[in-house]
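The numbers here are math on the coordinates, done by the rules we state, and not lab data. All values reported here derive from a predicted model rather than from experimental measurement. Note that we place each Cβ from the backbone using ideal geometry, even for glycine, and neighbour counts take in every protein chain shown.
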Protein chains: 2
Amino acid sequence: MATTGTRSVFLGTFIHCTTLETMEYLHETAVFVDEKGVIVELEQGCDLKTAEDTVFPRLGWEKGDVVVRVGGAGSFFFPGFIDTHIHAPQYPNAGIFGKTTLLDWLEKYTFPMESSLSDLSRARRVYTRCVKRTLSHGTTTASYYATIHVPTTNLLADLCLDLGQRAFIGRCCMDSELSPASYRDESAQQSIAATKATISHIASIDPANALLTPILTPRFAPSCSRELLASLGDLHRETNLPIQTHLSENASELALVRSLFPELPDYTTVYDRFGLLTPKTILAHAIHLSDDEVRLVKARQGKISHCPCSNSSITSGTCKVRNLLDSGLDVGLGTDMSGGYSPSILEAVRQASLVSRHVAMAGDDHAKLSIEEVLYLGTRGGARVVNLSETIGGFGVGMDFDAQLISLGPDQGREEEEEEEEEEEEEEEEAVEEVVVVEVDEGSEEGPVDIFGWESWEEKVAKWVYNGDDRNTRAVWVKGRLVHEVTR
Amino acid sequence: MATTGTRSVFLGTFIHCTTLETMEYLHETAVFVDEKGVIVELEQGCDLKTAEDTVFPRLGWEKGDVVVRVGGAGSFFFPGFIDTHIHAPQYPNAGIFGKTTLLDWLEKYTFPMESSLSDLSRARRVYTRCVKRTLSHGTTTASYYATIHVPTTNLLADLCLDLGQRAFIGRCCMDSELSPASYRDESAQQSIAATKATISHIASIDPANALLTPILTPRFAPSCSRELLASLGDLHRETNLPIQTHLSENASELALVRSLFPELPDYTTVYDRFGLLTPKTILAHAIHLSDDEVRLVKARQGKISHCPCSNSSITSGTCKVRNLLDSGLDVGLGTDMSGGYSPSILEAVRQASLVSRHVAMAGDDHAKLSIEEVLYLGTRGGARVVNLSETIGGFGVGMDFDAQLISLGPDQGREEEEEEEEEEEEEEEEAVEEVVVVEVDEGSEEGPVDIFGWESWEEKVAKWVYNGDDRNTRAVWVKGRLVHEVTR
């Protein structure tokens, strides 16, 4: 089911990024979502009565048919996060990487885990948890790498459709000897045939690509024969399907690519030469690009998935995001789990901020990314990277309602009440301790952020970015469908 | 109340750091804690029956008098965290720092917030939340900076005693014109008198220093007149009280110190010259030390509080922790909230790992810290920094029971059951979705980490370090007293 079949109106504060530098705060706003999950009206200064009396008639809606969802005081609706690079089969390894770097990390942790996901029962368990976990973190769209296995890759597609997550599903293409014999495609032809099998499966379960899109996934240049790269380039030209791969992550990888493709000037050109660098290509990492490579990506309108958690944890390098943005490239965020340790794009948002500060500390003060900028990367930026900027990443008429309801804990009203109580009870000293207990129990139930009531909205958002987590993500919708809710 | 008055036995898995590089995993272990909160016996291979039949008689304990706490399957006891550097009054600003660096951050965010904490009602609210919040993150010992205000600094001491957190309480000493006229000590004499007032208060509420110790707190060299620095050096010699301050955090600060103390060779020597660099001195940050300064700190046996969250967020620099450790310095972790955005030492543990990787990426591969090493810094290392290494930071006979019970979610047994259920229900396809729902609800109740059942204990700890949070910290004890518990 890709549509809710019901009409909804969402009331409260809506916050989204309008440009890289600016966020818009829409208070007392009503967003009207039709039965296909599309926003058909967005009204500021609109309460439920106005919505019902004025907007419903205009839309031809009847009261009884419309689901009403009110964001409470202190909470706000925010666009769903877009994870432009995530490996679903690596979820059980999240946080497990020791002191490895890319190539030994692949060998020690990643290939064995991915290989084991040929097992349907194991894959069901891992993929179900992965999709539900990322939904709970507010990821409404994910660009997944699966494994080489067709049945379990198809299962991942099934699960995303069932659980309601918008997803790009990539069967990993990898036929070179970099991977162990037990975990690689037998040949370029077999790799293409298997890829087509997943494409067909997705066409059969979601023919309109309402939620699911197959994505061509040459794992990375060293994993693929020239024949496979060329065939995938052909397949892209035939199908116009999107492409995802890795680019310029790690020094040893760069040396490997140079040795494998000695006739080509650089890593980026490898993909370009085989017809794999296009406006529909998502390039993960792009840490060590030369100026020529940046220009080539720009010329081809390729997209960048910045994966700060991964780049720090497996010490790949610090991506110069500001340079990429200044060069006019589209940049989104990826968890790159489990190179990245976390399934959460909010954590990627936070680490994008911190990594940009590491770039600044290395001498480029201009590199620092603001709260607005890192949230843009996680929403609008990601939407551009997956070529859905008209549809997701913000709130606007004609866009799909992919959103999360964020609550930061006790609202101002309750805070003020408590304060009054406290002031009263400071008179009678013995009672003070009781009040204190109530306060904290509420806090810990509500989540990891403490709001004192005097914060501006900008400060509330900063507190969410730096200390928030999935406890603050109270509900999540994709195309208007409720796909996650914290019930307690 | 500094003691529980009751005897306890804790049963289950105990994990702690034995050296910088090694952790010990003690399974099926019983830890016996007397009515003063001291570990009197630690027995491996000991269940409740053995404890009662064999150990109780040896200790002269009676069954009915002993509280029994069993850590469930998949959970483990871990030493409480030690936060060697935290500013309690800055808690409401956690996550709010914009693009500032140290000196403008002080002016824009910090001094105004601290100044407002002269208000008793506001201070009660902020400090209560801060202490309860840090306890919920497993911080059993904290070295606090308060503000210049005596009544609210004393209130912080009261609250730590009431709520059961072991704490060093520092009234901020700052009489220079760096701070606004409305928020600084009037003179060196007044600063010393105010400091003595807090020392007296703590002596009156916790005369044995069972939980609380006053700590002399020259904010940092630029905040203090020479007279104040000299008087604090004298006060240290008289009282032998510990000292805490900031050292070598930021380039502008370094330039300021050079301009203020042009006759002295470096920043470290400023403290040394005034008798403030001693074995009882906690130096926060120590990012940009010269080799001479490292040698001087080592010669004086000064201690280092590494604050990775803060150093990255306000772009102070990347501390070369490996160098400090190799030079034989004692290093612990500090949140440095709100220069650091998080009240959690687990977050500091995680960021210490990531920052060490940034140092590695800048060319020193040896700099990378392992899971064992960053957890050591947060426990045993911190204990050495606060000169309590015989008492806290690990499990051993004669040490106090300062501990946290960590649970990572559904235990292996439940996992296996679920797996069996799933396998059964894969036969009947329609039932599958129900099982899945139950699984995730449990997951989100249990916390942010998914354990699949096949992980080694080392891998479980890694998952906790990288994705865990206060939801995993199910209960916390200080000196055997239960000071925090997640009840749901």
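Measuring between their Cα centroids, the range A:314-359 and the range B:336-366 lie 16 Å from each other.
Based on the Stokes-Einstein relation at 10 °C and a viscosity of 1.306 mPa s, and on the Kirkwood radius from alpha carbon pairs, the protein assembly as shown is assigned a translational diffusion coefficient of 54 µm²/s. The lysines within cross-link reach of A:K320, meaning a Cα-to-Cα straight distance under 16 Å and a gap of 8 or more places when in the same chain, are A:K298, A:K303, A:K368. If you take all other residues with their beta carbon under 10 Å from the beta carbon of A:R7, and give Lys and Arg +1 and Asp and Glu -1, the sum is -3. When you restrict to C-alpha pairs under 8 Å that are six or more residues apart and normalise by the size of chain B, the relative contact order lands at 19 percent. For chain A, the longest principal axis of the alpha carbon atoms and the long axis of helix A:291-300 meet at an angle near 80°. To test your reading of the geometry: what angle, between 0 and 90 degrees and rounded to tens, separates the Cα axis of helix B:412-427 from the longest principal axis of chain B? For helix B:412-427, the angle is close to 50 degrees.
Our estimate of slack between B:K108 and B:A73, defined as 0.36 nm per intervening residue step minus the Cα-Cα distance, is 7.8 nm. The range A:3-58: which GluC sites (Glu not before Pro) are DSSP loop and have at most 11 other beta-carbon atoms within 10 angstrom? The qualifying sites are A:E21.
Label-to-label distances for B:A362 across copies, nearest first, come out at 1.1 nm, using points 7 Å from Cα in the beta-carbon direction. A simple count of charges around B:T22, restricted to other residues whose Cβ falls under 13 Å of its Cβ and scoring Lys, Arg +1 and Asp, Glu -1, yields -4. As an exercise, use a Förster radius of 22 Å and the Cβ-Cβ distance of A:E177 and A:R226 to find the FRET efficiency, rounded to the nearest 0.05. Here the calculated transfer efficiency is 0.95.
Largest first and in whole Å, the equivalent-ellipsoid semi-axes of chain A read 40, 26, 21, each the square root of five times a Cα gyration tensor eigenvalue.
Annotation: extensible slack from A:A193 through A:A299 equals 35.1 nm (criterion: 0.36 nm per residue apart, minus Cα-Cα distance). Considering the rotation that superimposes chain A on chain B, the residue of A whose beta-carbon lies nearest the axis, and that distance in Å, is A:H358, 3.
Straight-line reach from A:K479: taking Cα to Cα under 16 Å and skipping same-chain neighbours fewer than 8 places apart, the lysines in range are A:K36. Taking chain A as the reference, fit the longest principal axis to its C-alpha atoms, fit the long axis of helix A:432-446 to the helix C-alpha atoms, and give the angle between the two in degrees, 0 to 90, nearest 10. Approximately 40 degrees, to the nearest ten. Of the two radii for the range B:219-263, the radius of gyration is 1.02 times the Kirkwood radius, both from the alpha carbons; that is the Rg over Rh value. Counting Cβ atoms of other protein chains within 10 Å of each Cβ in B:93-102 and taking the mean gives 6.
Distance distribution P(r), the range B:19-94, all Cα-Cα pairs, bin width 10 angstrom from 0: 13, 38, 24, 17, 8, 0 percent.
Summing Cβ point charges (Lys, Arg +1; Asp, Glu -1) relative to the Cα centre of the range B:162-259 gives a dipole of roughly 140 debye.
Label-point distances for A:E62 to the equivalent site in the other copies, using a point 7 angstrom along Cα→C-beta, read 7.5 nm when ranked shortest first.
Between copies, the label points of B:N209, set 7 Å from Cα on the Cα→Cβ line, lie 7.0 nm apart, reported in increasing order to one decimal in nanometres.
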